[in-house]
Ligand code: DX5
Ligand code: ZN
């Protein structure tokens with residue numbers, strides 16, 4: 001297994017067949033679990049009960065991406081439900097340092113997410129603390145959107161910031177990732193790639209995960 005990780009997003013899975021869909025991605029590195037609250041995003045997805053169902057159905061670690069307006073108050077719900085890694089949006093967290101260190105004290109990996117319009121420089125005072133930075137390469141809300149090209153420059157800036165600080169958090173990119181652009185995104189500094197529609201809308205999700213892992217690690 002290479003150092004580039006693939007995280008299929010169950011947002012694009014057939015929720016009527018959750019266990020079957022998770023079986024197809026048993027070879028993935030993470031399950032990406034998109035929580036949307038209908039407030040931070042103009043879409044509503046799933047919460048803790050479905051997260052528990054995911055945890056019962058797979059051994060693949062769960063990466064919970066909280067697109068919610070009140071992460072500081074609700075992160076424990078997802079930690080209690082078994083999330084292995086939790087990311088919260090910079091734009092929604094008033095007490096980001098407290099929330100992230102709280103998760104880490106609980107033994108959960110903790111990360112911060114930036115929307116496409118949020119500059120990387122806001123991470124300067126938190127980069128030494130985080131286990132992961134997630135750069136959104138689409139505006140959060142829906143699967144199947146196109147990759148925003150400006151993400152590449154943000155990745156390069158983030159990589160330079162990490163080098164300056166002597167830290168190496170996981171760097172995840174979410175939105176519009178496919179076999180067509182994964183190499184470019186990895187080259188710019190990403191090492192965890194979310195893929196929703198590219199995996200679950202393909203004819204053979206297991207083969208697609210393997211292909212993305214191969215292309216990412218070339
Ligand atoms: C978008 C979600 C993504 C989404 C990605 O708000 O955070 O995780 O599932 O889907 P694709 O890979 O189809 O762009
Ligand atoms: Zn996501």
Completion exercise
Per the filter on segment 36-52, residues buried (at least 16 other Cβ atoms within 10 Å of the Cβ) and away from ligand 1 (no atom under 16 Å from the Cβ) are 48
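Which is away from ligand 1 (no atom under 16 Å from the Cβ) and farther than 21 Å from residue 60 by Cβ, of 157, 91? If you could, list the steps in order and put the result at the bottom.
Numbers: 91 fails: away from ligand 1 (no atom under 16 Å from the Cβ).
After applying the criteria, what remains is 157.
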Fill in the blank from the handout: residue 26 meets each of (1) touching a helix residue (DSSP H, G or I) at 6+ places or on another chain (Cβ under 6 Å); (2) over 19 Å from residue 87 (Cβ atoms) with one exception, condition (1)
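Being within 16 Å of ligand 2 (Cβ to nearest atom) and either loosely packed, with under 15 Cβ neighbours inside 10 Å or closer than 18 Å to residue 143 by Cβ (or both) is the filter here; which residues of segment 22-35 pass it? Steps first, answer last, please.
Let us first name the residues in segment 22-35 that are within 16 Å of ligand 2 (Cβ to nearest atom), namely 25, 28-35.
Once the filter is applied, which keeps residues that are within 16 Å of ligand 2 (Cβ to nearest atom) and either loosely packed, with under 15 Cβ neighbours inside 10 Å or closer than 18 Å to residue 143 by Cβ (or both), segment 22-35 yields 25, 28, 30, 31, 32, 33, 34, 35.
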Fill in the blank from the handout: Those residues of segment 181-204 that are buried (at least 18 other Cβ atoms within 10 Å of the Cβ) and either closer than 19 Å to residue 162 by Cα or more than 15 Å from ligand 1 (Cβ to nearest atom) (or both) come to a total of 8
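Within the bounds of segment 124-142, is there any residue that is farther than 20 Å from residue 64 by Cα and touching a strand residue (DSSP E or B) at 6+ places or on another chain (Cβ under 8 Å)? Spell out the reasoning first.
First, the residues of segment 124-142 that are farther than 20 Å from residue 64 by Cα: 124-125, 128.
Then keep just the ones that are touching a strand residue (DSSP E or B) at 6+ places or on another chain (Cβ under 8 Å); that gives none.
Scanning segment 124-142, I find no residue that is farther than 20 Å from residue 64 by Cα and touching a strand residue (DSSP E or B) at 6+ places or on another chain (Cβ under 8 Å), so the answer is no.
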Handout entry: Candidates 79, 83, filtered to the one that is surrounded by 22 or more Cβ atoms within 10 Å (Cβ to Cβ) and touching a strand residue (DSSP E or B) at 6+ places or on another chain (Cβ under 9 Å)
Key = 83
Practice task
State all residues of segment 11-61 that are in contact (Cβ under 8 Å) with a residue 60 or more places away in the chain, part of a helix (DSSP H, G or I) and within 15 Å of the chain's Cα centre (by Cα); if no residue qualifies, say none.
Solution key: 11, 12
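Taking the criterion of being surrounded by fewer than 22 Cβ atoms within 10 Å (Cβ to Cβ), closer than 22 Å to residue 86 by Cβ, modelled with pLDDT of 95 or more and more than 16 Å from ligand 1 (Cβ to nearest atom), would at least one residue in segment 209-218 satisfy it?
Filtering segment 209-218 for residues surrounded by fewer than 22 Cβ atoms within 10 Å (Cβ to Cβ) gives 210-211, 213-215, 217-218.
From the residues that got through so far, the ones that are closer than 22 Å to residue 86 by Cβ too are none.
For segment 209-218, residues surrounded by fewer than 22 Cβ atoms within 10 Å (Cβ to Cβ), closer than 22 Å to residue 86 by Cβ, modelled with pLDDT of 95 or more and more than 16 Å from ligand 1 (Cβ to nearest atom): absent.
The values are calculated or read from the model by the stated rules, or taken from the named source; none is laboratory data. None of the values given here were measured: they were computed from a predicted structure. Note: ideal-geometry Cβ built from the backbone for every residue, glycine included; neighbour counts use all protein chains shown.
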